[in-house]
Amino acid sequence: MTIDWKKQAQDYREQYLQDLKELIAIPSVRDDEHKTDEYPLGEGPAKALDKFLSFGKRDGFITKNIDNLVGYIEYGSGDQTFAMQSHADVMPAGDGWETEPFVMTEKDGSVFGRGTSDDKGPGLAAYYGLRMLKDNGIKPNMKIRLIIGTDEESDWTGMKHYFDVEPQPTLGFSPDAEFPLINGEKGNAAYETTFGHTNGQAYTLKHFDSGIRTNMVPGNATALVETDNNEQFVDAFTDFLDKTPLSGDIKATGEGIAVHLIGKQAHAMAPENGINAGTYLAAFLNQFDFEGDAKNFIAFIADYLHDDTRAHKIGANYTDQIMGELTMNVGIMKFDFQNGGMVNTNFRYPKGTDNDQILKQLAEVADKFGGHVKQISHMVPHYVDPQDPIVKTLLNVYEEQTGATDVKPEVVGGGTYARMMKRGVAFGALFPGTQDTMHQANEFQPIDDLLKAMAIYGQSIYELTAK
């Protein structure tokens, strides 16, 4: 059968955008504070999952919601299962938006809104790729499932639950990264370093707060400092702003001097693309005579974590010829004079080093400051042989649809659901040359890119399951 995949994608354009608009309107951020038996991750993720599944029901697919944690849209039958793994949850919006983050806005040929790029837009494009087979009467030779998780941005609770209660897929891809194709994902380890709450008198750190997620570079940081040297402190902050790429403000309050720094959010897989407001704030505070645990908290960040995304200062740096460099993101930093301090670090590491070595290096440094380190999550590196038929087939489709030549698979620091399948790869939907705004303010995706991805997904599913 000959199908004009690009024309079919264009035919779906208006309905696709309407469906995406409805998905973006759901603020599907994990919300443990308001979780219930019905909504174990909060109402938003479950509502977004239900909306996704409603499209499948509308279009005549088999659908299943598994405990409001994960669900799937199914087509075809067979002993083998081809899976596409997407997610309906999103990162918190954060500050700095020029449009409403949960109102999809079309502007200059692109759609703006939280989830347009990560991962509602691409996941919905994969769904419409699946629709192409059904609408053209194509019967696949295996079962196809679009599996939708609700917790990819945190602990993968939903997708882990799927793999606990459903059979392991045979092969598949996750539309949650970039083209042409990702066949390797670095290991992903997160650690929490805690400090006590003692302080000094000349300078008292009453409060420090930066970051909302492990896998985001913090774009904002605030601190409340009590000191008798107000004028000196304010002058130093003004001088600091003149010498750094951040903006900010400072003001006296009844409780002390409130400091605010504004950096740039970015995805933790490439922390060098952001400007970490939290570590910069620690670097500023480190010039003053804080004492006790407050001083240790500040100095640990400023001396060993600030401006070092490759972890040279703690001795954990490592490079593998195939998988590249280890990266480190300092995602969450908090301190208050009653409860003490906490620093959350996230490492993306290649084969050749491991979780134990990173933990050892981090703990040795933290110990110098009276800090105590514990691991909070860990996933080992994932790699699929470039000669595997799924890699070769998807790259061939990409070349045919885009006209690109001699494309090669790549390894990244990001973690996608694809790593849960032995023969799983990440495949789109960010095209080379398109700005990556995942986890950032003003997240967007060009509409033509999403439709092009839809055509690629449609042909790819056909080539791998029906041809």
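Here are a few things to note about the model shown:
- Of the residues making up segment 109-129, those that are of a type outside the set (Lys, Arg), part of a loop (DSSP other than H, G, I, E, B) and buried (at least 24 other Cβ atoms within 10 Å of the Cβ) are Gly113, Gly115, Thr116, Ser117, Asp118, Asp119.
- Qualifying residue in segment 145-165 (condition: part of a loop (DSSP other than H, G, I, E, B), surrounded by fewer than 20 Cβ atoms within 10 Å (Cβ to Cβ) and not hydroxyl-bearing (Ser, Thr, Tyr)): yes
- Put simply, of Asp406, Asp449 the only residue that is in the same structural domain as Phe82 (by TED's automatic domain parsing), without any contact (Cβ under 8 Å) to a residue 24 or more places away in the chain and either in contact with a Pro (Cβ under 8 Å, 6 or more places away or on another chain) or assigned to a helix (DSSP H, G or I) (or both) is Asp449.
- Listed by position, the helices (runs of 4 or more DSSP H) inside segment 4-108 whose residues that are of a type in the set (S, T, N, Q) and more than 30 Å from Asn276 (Cα to Cα) number at least 2 are 5-11, 13-24.
- Tallying residues that are touching a helix residue (DSSP H, G or I) at 6+ places or on another chain (Cβ under 6 Å) and either basic (Lys, Arg) or on the phi > 0 side of the Ramachandran plot (or both) within segment 410-441 yields 2.
- Pick from segment 319-349, criterion among the β-branched types (Val, Ile, Thr) and modelled with pLDDT of 95 or more, ranking: nearest to Gly187 (Cα to Cα): Thr327
Yes/no matrix, rows are residues, columns are (1) modelled with pLDDT under 95; (2) closer than 29 Å to Ile332 by Cα; (3) of a type in the set (Asp, Glu); (4) outside the structural domain of Ile332 (by TED's automatic domain parsing):
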position	(1), (2), (3), (4)
Asp356	no, yes, yes, no
Lys368	no, yes, no, no
His372	no, yes, no, no
Gln387	no, no, no, yes
Leu395	no, no, no, yes
Tyr398	no, no, no, yes
Val412	yes, yes, no, yes
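- Within segment 1-35, restricting attention to residues that are touching a helix residue (DSSP H, G or I) at 6+ places or on another chain (Cβ under 8 Å) and hydroxyl-bearing (Ser, Thr, Tyr), the residue that is surrounded by the most Cβ atoms within 10 Å (Cβ to Cβ) is Ser28.
- So Thr204, is it polar (S, T, N, Q), in the same structural domain as Thr393 (by TED's automatic domain parsing) and at pLDDT 95 or above: no
- Within segment 291-325, being of a type in the set (Asp, Glu) and more than 28 Å from Lys206 (Cβ to Cβ) holds for Asp320, Glu325.
- Unique residue being closer than 19 Å to Thr204 by Cα, among the polar types (S, T, N, Q) and not assigned by TED's automatic domain parsing to the domain that holds Ala177 when the list is Thr244, Thr214, Thr222: Thr222
- Positions within segment 367-391 being in contact with a Pro (Cβ under 9 Å, 6 or more places away or on another chain) and either among the basic types (Lys, Arg) or not in a loop (DSSP other than H, G, I, E, B) (or both), in sequence order: Val391
- Comparison of Ala311, Ala316 shows that the only residue that is modelled with pLDDT of 95 or more, buried (at least 20 other Cβ atoms within 10 Å of the Cβ) and on the phi > 0 side of the Ramachandran plot is Ala311.
- Of residues in segment 442-465 being out of contact with any helix residue (DSSP H, G or I) (no Cβ under 8 Å at 6 or more places or on another chain) and of a type in the set (Asp, Glu), the one surrounded by the most Cβ atoms within 10 Å (Cβ to Cβ): Glu443
- Subset of segment 36-46 [more than 23 Å from Phe444 (Cβ to Cβ) and surrounded by 17 or more Cβ atoms within 10 Å (Cβ to Cβ)]: Tyr39, Pro40, Leu41, Gly42, Glu43, Ala46
- Candidates Ala252, Ala268 - the one that is at pLDDT below 95, buried (at least 21 other Cβ atoms within 10 Å of the Cβ) and in the same structural domain as Asp307 (by TED's automatic domain parsing): Ala268
The values are calculated or read from the model by the stated rules, or taken from the named source; none is laboratory data. Values in this document were obtained by computation on a predicted structure and should not be read as measured data. Ideal geometry is used to build each Cβ from the backbone, glycine not excepted, and the neighbour counts take in all protein chains shown.
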